[in-house]
1. Is it fair to say residue 154 is surrounded by 13 or more Cβ atoms within 10 Å (Cβ to Cβ), under 30 Å from residue 236 (Cα atoms) and under 29 Å from the mean Cα position of the chain (by Cα)?
2. Does residue 245 fit the bill of being at pLDDT 85 or above and either under 30 Å from residue 55 (Cα atoms) or surrounded by 11 or more Cβ atoms within 10 Å (Cβ to Cβ) (or both)?
3. Being in a helix (DSSP H, G or I), loosely packed, with under 13 Cβ neighbours inside 10 Å and free of Cβ contacts under 8 Å to residues at least 40 places away in the same chain: is that true of residue 224 here?
4. Considering every residue within segment 184-200, establish whether at least one is out of contact with any strand residue (DSSP E or B) (no Cβ under 9 Å at 6 or more places or on another chain), surrounded by 10 or more Cβ atoms within 10 Å (Cβ to Cβ) and outside any helix (DSSP H, G or I).
5. So, of the residues in segment 23-53 that are farther than 24 Å from residue 248 by Cα and crowded, with 16+ Cβ neighbours inside 10 Å, which turns out to be modelled with the lowest pLDDT?
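The values are calculated or read from the model by the stated rules, or taken from the named source; none is laboratory data. These numbers were taken from a predicted model, which means no experiment stands behind them. All Cβ positions, glycine included, derive from the backbone under ideal geometry; neighbour counts span all protein chains shown.
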């Protein structure tokens with residue numbers, strides 16, 4: 001019962017909101033968080049695309065090991081890793097069942113394993129990069145590389161609003177439960193209760209969408225009143241805002257070490 005209680009506490013909505021806040025704002029002291037956002041963009045541009053064009057098993061395993069190391073360095077939340085593992089296992093299991101159902105055999109397992117390995121590398125690279133940047137740093141990095149101010153702000157705003165949206169969705173879900181009536185009997189394998197909760201979860205999205213639209217309009221009007229959209233397109237304001245983004249020795253060392261590791265992987269596979 002004690003282990004069940006601990007697992008329930010970790011899977012609660014409040015704990016999920018805390019993990020999201022820690023992911024967005026609690027990793028600012030790590031080595032990767034101190035890098036310039038443009039460095040992380042360059043790094044992710046390779047590790048987010050290159051695995052699709054690599055078919056050597058040894059190279060992919062080496063890249064996966066490197067991604068695991070960077071994920072540990074970024075101090076990624078266990079909740080995010082758990083969700084990632086569930087998604088990868090679900091997708092791989094679904095493809096395996098579909099392949100076996102349509103006449104495939106054991107030989108289909110290895111291609112699916114390699115596909116899952118590629119998805120794992122890309123997913124871990126994404127988690128490493130975006131967990132190492134808070135919303136403000138992400139927005140500044142996008143502005144620095146030439147992304148329009150409205151787009152950069154929208155991404156940053158959505159990043160900031162995730163914990164609030166999760167909490168509001170939880171409140172709406174609880175209000176539906178208070179006003180509704182749960183099944184008196186769970187049914188075979190709790191099928192009635194599962195259907196009941198799925199129905200409530202789907203109905204809770206509609207009030208959340210309306211509330212989000214209303215909140216977004218209020219935010220846009222407040223920004224227009226303060227002249228933020230003019231500042232997005234003003235070169236002088238952007239120069240002042242982005243003056244703190246400067247490449248340092250740490251950025252060059254990180255990119256050089258990453259490049260050296262990748263070249264070493266390809267060299268090992270060539271000679272061995």
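1. On the way: surrounded by 13 or more Cβ atoms within 10 Å (Cβ to Cβ): yes; under 30 Å from residue 236 (Cα atoms): yes; under 29 Å from the mean Cα position of the chain (by Cα): yes.
Judged against the criteria, residue 154 is a match.
2. Working: at pLDDT 85 or above: no; either under 30 Å from residue 55 (Cα atoms) or surrounded by 11 or more Cβ atoms within 10 Å (Cβ to Cβ) (or both): yes.
In short, no.
3. On the way: in a helix (DSSP H, G or I): yes; loosely packed, with under 13 Cβ neighbours inside 10 Å: yes; free of Cβ contacts under 8 Å to residues at least 40 places away in the same chain: yes.
In short, yes.
4. Start the filter on segment 184-200 by keeping residues that are out of contact with any strand residue (DSSP E or B) (no Cβ under 9 Å at 6 or more places or on another chain), which leaves 184-200.
When the remaining residues are screened for being surrounded by 10 or more Cβ atoms within 10 Å (Cβ to Cβ), the result is 186-187, 190-200.
Checking the rest, the ones that are also outside any helix (DSSP H, G or I) come to 186-187.
Yes, there is a match, as at least one residue in segment 184-200 is out of contact with any strand residue (DSSP E or B) (no Cβ under 9 Å at 6 or more places or on another chain), surrounded by 10 or more Cβ atoms within 10 Å (Cβ to Cβ) and outside any helix (DSSP H, G or I).
5. Here is the first cut: in segment 23-53, the ones farther than 24 Å from residue 248 by Cα are 23, 49-53.
Next, from what is left, pick out any that are crowded, with 16+ Cβ neighbours inside 10 Å: 23, 50-51.
Details: 23: 68, 50: 91, 51: 91.
Ranking the qualifying residues of segment 23-53, first place goes to 23.
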